[in-house]
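K.L.:
Below you'll find the structure I mean.
Derivation of every value follows stated rules applied to the coordinates shown; laboratory data play no part. Quick caveat: nothing in here was measured; it's all calculated off a predicted structure. Virtual Cβ from ideal backbone geometry, glycine too; neighbours counted across all protein chains shown.
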Amino acid sequence: MALNYIWIFFFLIAFIIALVKLIFLGDTDAFKSIVDSLFSSSQTAVMDIALPLAGAMTLWLGIMNIGEKAGAIRFLSRIVGPFFRRIFPEIPDGHPAMGNLMMSFSANLLGLTNAATPLGLKAMDSLQELNPKKDTASNAQIMFLVLLTSGLQLLPVTIIAQRAILHAKDPTDIFIPCIIATFASAVIGMIAVSIKQRINLFDKVIIAWIGGLTLLIILLVWYFTTHLTKEQISTFSKVSSNFLLFAIAVIFIVGGLIKKINVFEAFIDGAKGGFDTCIKIIPYLVAMLVGIAVFRSCGALGYMNDGLRWAVNGLGLDTRFVDAMPVAYMKPLSGSGSRAMMITTMQTFGPDSFAGRLGCVFNGSADTTFYIVALYFGSVGIKKFRYSIPFGLIADLAGIIAAIFVSYLFFG
């Protein structure tokens, strides 16, 4: 229901702003820019997202089916089962959903972008099998989605690469702030949903896993920043990501060979659903991207920033962070939009400016809530999202606030 009102809000605000521009400012291109964005965004949803995703979906659903038949999913379930059983209590012991969730989180954590979305869609589909109300998001699906919106990732490779392209003095200087901000987003999002779903956060297993992950991130950050140069970090990111991506496929295939299954037929059986899934999500993608496009093209984001600057200045606070806020506004709405805003911020103020660095940390602090809702829930036909969007936005807000504080801490 929330998404319904938000979508209507995008169109009404865009119409009102364009009408004011036309009548009072004489801007004859106000409505043209909005209409152009309608067509370009709908084309983007189909040609640039859904259809290219079909190939990746087909590939990774096939690979996942091999892994499932080879027993890899059950093996992962035994490892993460104690923790996942507590934050996903609706999932029965031994169900493939456990392993699918772990594969999805691992792909996101390691920055395996080519595999992360297909594996996430596979995990959502396995959760849908357990969902008693097929048109309504279950508690487990909401927890999964909110954790995805945190965008937890150890190596923000694309952000570092973009900073290098724009000739930042140290492209990797946003590495630690990004990890801190996205980890804060993930933890706050999980805690918020756990409270809503009455999950016991003081369980020893939950405390041990969160503590262990926190320690792991601290050790990785310490090692990267004290033992590796920025070139070595970039090389490590590139090599490890591609190695792990291909290693997953090889391990599953070898496991299938050992189990004496027909690996090729298992791949074909799993891959058959790839194109169908992508076709199902097209209406949801078009609707969401069109709504975001009209809101952005009417100039509403600029007016929001002007209002925030006035309010912050009135309170006597430092306003430097406001220059990067368009990235934060766009992040829950559109990944490509926030990336474009990040690049624009660096080009305008400089990649080594406070705003330029903060824009990068904003972009690495969380993921795109509305896009993820449309993509993942749309893939399984869920129409009633319950409290998923508000709690996804809570995770986003936590990441934004953490990004601001940690950027002032690191960059002054």
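K.L.:
When a/c is below 1.5 the answer is rounded, else prolate if a/b is larger than b/c, else oblate, so apply that to region 131-239 with a ≥ b ≥ c taken from the square roots of the Cα gyration tensor eigenvalues.
P.N.:
prolate
K.L.:
Using the count of nearby Cβ atoms within 10 Å as a rough guide to exposure, how do 80, 146 rank from fewest to most?
P.N.:
By the 10 Å Cβ count, ascending: 80, 146.
K.L.:
If packing is taken as the average count of other Cβ atoms within 10 Å, what order do 17-28, 361-372 fall into, highest mean first?
P.N.:
My ranking of the peptides, most packed first, is 361-372, 17-28.
K.L.:
Let me ask something else. Which semi-axes, in whole Å and largest first, does the equivalent ellipsoid of region 1-101 have when worked out from the alpha carbon gyration tensor as the square roots of 5 times its eigenvalues?
P.N.:
Each semi-axis is the square root of five times an eigenvalue, giving 48, 20, 8 Å.
K.L.:
State, in angstrom, two size descriptors of the chain derived from its alpha carbons: Rg to one decimal place and Dmax to the nearest whole number.
P.N.:
21.7, 74
K.L.:
Then there is this: Under a straight-distance cross-link criterion of Cα-Cα below 15 Å, which aspartates and glutamates are reachable from residue 169, leaving out those fewer than 8 residues away in the same chain?
P.N.:
Cross-link targets: 231, 352.
K.L.:
Could you work out the relative contact order of the chain? I mean the mean sequence separation of Cα pairs under 8 Å and 6+ apart, divided by the number of residues, in percent.
P.N.:
29 percent.
K.L.:
Also: Based on the mean of other Cβ atoms within 10 Å per residue, sort peptides 37-47, 134-144 so the most packed one is first.
P.N.:
Descending mean neighbour count gives 134-144, 37-47.
K.L.:
With a cut-off of 8 Å between alpha carbons and a minimum separation of six or more residues, what is the relative contact order of region 209-335 in percent?
P.N.:
RCO, region 209-335: 14 percent.
K.L.:
Take each of the peptides 380-387, 393-400, 320-327, average the number of other beta-carbon atoms within 10 Å over its residues, and list them starting from the highest.
P.N.:
Descending mean neighbour count gives 393-400, 320-327, 380-387.
K.L.:
Using only the alpha-carbon atoms, how far is helix 2-24 inclined from the longest principal axis of the chain? Give it as 0 to 90 degrees, nearest 10.
P.N.:
Tilt of helix 2-24: around 20 degrees.
K.L.:
A further question follows. Provide the gained length on full extension for the span residue 78 to residue 19, in nm with one decimal, where the gain is 0.36 nm per separating residue minus the Cα-Cα distance.
P.N.:
Gain on stretching residue 78 to residue 19: 15.3 nm.
K.L.:
Going Cα to Cα from residue 204, which lysines come in below 21 Å? Please leave out same-chain ones fewer than 8 positions away.
P.N.:
196
K.L.:
Say the cut-off is 32 Å between C-alpha atoms; which of 32/272; 122/259; 259/331; 21/383; 32/122 go over it?
P.N.:
Going by Cα-Cα distance, 32/272; 259/331; 21/383; 32/122 fall outside the 32 Å limit.
K.L.:
Does region 248-370 come out rounded, prolate or oblate, given a ≥ b ≥ c as the square roots of the eigenvalues of its C-alpha gyration tensor, rounded meaning a/c under 1.5 and, failing that, prolate meaning a/b above b/c?
P.N.:
prolate
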